[in-house]
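Notes follow the structure.
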Amino acid sequence: MGNRSIDPLKVVEQQNAIIRIQSGVIDELFILLMQHISAEEAGSLPCIARINQAAEIRAGIGLD
């Protein structure tokens, strides 16, 4: 393999695209899950705290 020059901006753009895809899939899966469990069960899931933490971070940097 040769030594290729990697454009850092392209790498960041591709990483952002991957993150957006993964985020969309996670949202879709969470919506499906919510159709099969009660609000009480959802509230007790450990991932809810992390989802809320991510929402706070997004709000703090002005993405919401």
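The values are calculated or read from the model by the stated rules, or taken from the named source; none is laboratory data. What you see is a predicted model; the values in this text were computed from it and never measured. All Cβ positions, glycine included, derive from the backbone under ideal geometry; neighbour counts span all protein chains shown. SASA here: full protein model, heavy atoms, side chains in, ligands and nucleic acids out. Shrake-Rupley method; radii C 1.70, N 1.55, O 1.52, S 1.80 Å.
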Do we have Ile6 as open to solvent by 70 Å² or more (accessible area, probe 1.4 Å), part of a helix (DSSP H, G or I) and at negative phi here?
no
In the list Ala59, Ala17, Ala55, which residue meets the criterion of being small (Gly, Ala, Ser), in a helix (DSSP H, G or I), in contact with an Asp or Glu (Cβ under 9 Å, 6 or more places away or on another chain) and surrounded by 10 or more Cβ atoms within 10 Å (Cβ to Cβ)?
Ala55
